[in-house]
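Notes follow the structure.
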Amino acid sequence: MDREFLIDLFADFGPVTIRKMFSGYGISADGINFALSLRAGLFFRADEQTIPDFEAEGSKPFQYSTRAKTVLVNSYWELPARLFDDSQELAQWARAALAAAQRAKVKKRPKKKAAAKAATRKPAKKRSAKKAAKRAVR
């Protein structure tokens, strides 16, 4: 899928940003990535609320192979092929994928608080001049 095809595909959804990513494109709206267009197909962001819809359509999660194993990425699921012909329903699925991506972003926020706490910790004790001199000699 090329950039122009993707822009046309998401026309009923609204404006999207398409950026080169891996072997394809990352698709985002409002600064949030919600879809991936890769050699293997088009994948939408999914979570516990939307995965049952993908399963009902017979879709599979994104996966890729390394030398050692096959990695399953359960947060992105293949878009059902029938939606390529129904732009209005595709737009509904895209809105659901964007909502799933927004929920995932909210879940990640507490990690920022942990980083802020680490920044406010007391600095490490200074080494004595004697120890620093010994290390400099080595």
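The values are calculated or read from the model by the stated rules, or taken from the named source; none is laboratory data. Quantities reported herein were computed from a predicted structural model and do not represent experimental measurements. Positions of Cβ are backbone-derived with ideal geometry, glycine not excepted, and every protein chain shown enters the neighbour counts.
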Kindly indicate whether any position in the stretch 77-96 is assigned to a strand (DSSP E or B), aromatic (Phe, Trp, Tyr), over 15 Å from Thr50 (Cβ atoms) and at pLDDT 85 or above. no
For the stretch 15-29 the number of residues that are among the small types (Gly, Ala, Ser), more than 16 Å from Gly41 (Cα to Cα) and without any contact (Cβ under 8 Å) to a residue 40 or more places away in the chain is 1
Return the residue satisfying two criteria in turn: it lies in the stretch 62-92 and is within 16 Å of the chain's Cα centre (by Cα) and under 27 Å from Pro15 (Cβ atoms), and of such residues it is surrounded by the fewest Cβ atoms within 10 Å (Cβ to Cβ). Val73
What number of residues within the stretch 2-45 satisfy the criterion of being of a type in the set (A, V, I, L, M, F, W, C) and assigned to a strand (DSSP E or B)? 12
Selection from the stretch 46-76 of residues in a strand (DSSP E or B) and either more than 18 Å from Ala101 (Cβ to Cβ) or of a type in the set (Ser, Thr, Tyr) (or both) yields Gln63, Tyr64, Ser65, Thr70, Val71, Leu72, Ser75, Tyr76
Inspect all residues belonging to the stretch 49-58 and state whether any of them is out of contact with any Lys or Arg (no Cβ under 7 Å at 6 or more places or on another chain), exposed (fewer than 13 other Cβ atoms within 10 Å of the Cβ) and among the charged types (D, E, K, R). no
